[in-house]
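Worksheet for the structure shown next.
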Amino acid sequence: MRALANGIYLHYVQAGEGIPLLLIHGYPLDHVMWQPQLDELSGVAQVIAPDLRGFGQSDAPEGVYTMDAHADDLCALLDALHIRRAVVCGLSMGGYIALAFWRKYASRVLALILVDTRAGADTPEARLARLETVEQVKQRGSAPAIEAMLPRLLAGSTRQSRSDLVEFVGAMMQRQRPIGLMGALLGMAERPDSTAMLPTITVQTLVVFGAEDVITPAETDGPGLVGSIPHARLVVIPKAGHLSNLEQPEAFNRSVRKFLAELVGEHQIRVTPQAARS
Ligand code: MLT
């Protein structure tokens, strides 16, 4: 499906009924990375998985894709779908966007799920590396961006035992367009540090890490999130790397199901499909 949101067409997939769950993919991927969640969590939630600007089948305008621009796109998508509030779940770059979404549109957030992500901005070295990758993509197309990411996305054990998953993720990366990769790299390079904002997050927050994530390691990035967000709880998923939702979908979905059930249950927010819609 496609919706006009913030001046561009966003492609999205929507499945299920119940509490709205917005799934924001990471870089350099698209909504297909949420396939196990679209399959399973649609039994308990209204799952919405868009392709961000520049990715998948969404429009890819030129320019810098700031986290705020993505948040504006996603808020406009919720408007187009008549969804007033959603549980906002983002993996890695999707997590940076989820934090920007909270900063700009807190009243639209029922709860947050931050997956394999961090609050901090890029270090000067990381920023420089992104700008170098942009130059390489300009000259050689998507290959340099993919080569830089693929070996680091999945846990060593997944790479050895799940050649199907390695191929699945590789194919997803290969279909991304250079213009989208560059827009995202430039946007991530200039994203602000969200650390000081974390104590303002008043909603329930589930923080998930793959135990073998080398891009955003749980030991390095977990304590900052869980220690500063007032109502945060941490889940570390064994035998998973950066794409914990794909590498260990059962464990991931179990944690999210439990979190959603508690939200909908007596001691948190009561949400019916009607109440969540505007
Ligand atoms: C992602 O998975 O979205 C990326 O690792 C984010 C990043 O490069 O910082």
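Where a number appears in this text, it was derived from the coordinates with a stated rule and is not lab data. Predicted model, so just to flag it, every value in this text is computed and none were measured. Cβ: placed from backbone, ideal geometry, glycine included. Neighbour counts: every protein chain shown.
Points to keep in mind about this one:
- Pairs where the first residue, in region 17-42, is closer than 27 Å to residue 187 by Cα and the second is within 16 Å of the ligand (Cβ to nearest atom) and of a type in the set (Ser, Thr, Tyr), C-beta under 7 Å, 6+ apart: 26/92; 27/92
- Of the residues 76, 148, the single one that is free of Cβ contacts under 8 Å to residues at least 24 places away in the same chain and either part of a helix (DSSP H, G or I) or of a type in the set (Val, Ile, Thr) (or both) is 148.
- Residues satisfying the criterion are absent from region 81-98 (criterion: of a type in the set (Phe, Trp, Tyr), more than 12 Å from the ligand (Cβ to nearest atom) and outside any loop (DSSP other than H, G, I, E, B)).
- From 58, 107, residue being in a loop (DSSP other than H, G, I, E, B) and without any contact (Cβ under 8 Å) to a residue 60 or more places away in the chain: 58
- Residues located in region 46-59, provided they are over 21 Å from residue 36 (Cα atoms) and surrounded by fewer than 22 Cβ atoms within 10 Å (Cβ to Cβ): 59
- Extreme residue, farthest from residue 211 (Cα to Cα), among residues of region 249-263 that are surrounded by 16 or more Cβ atoms within 10 Å (Cβ to Cβ) and touching a helix residue (DSSP H, G or I) at 6+ places or on another chain (Cβ under 9 Å): 260
- Options 140, 177; residue that is more than 17 Å from residue 51 (Cβ to Cβ) and basic (Lys, Arg): 140
- Among residues of region 189-241, those that are in contact with a helix residue (DSSP H, G or I) (Cβ under 6 Å, 6 or more places away or on another chain), outside any loop (DSSP other than H, G, I, E, B) and under 20 Å from residue 126 (Cα atoms), counted: 1
- Residue that is nearest to residue 170 (Cα to Cα) [pool: residues in region 1-48 that are assigned to a loop (DSSP other than H, G, I, E, B), among the aliphatic types (A, V, I, L, M) and out of contact with any strand residue (DSSP E or B) (no Cβ under 7 Å at 6 or more places or on another chain)]: 29
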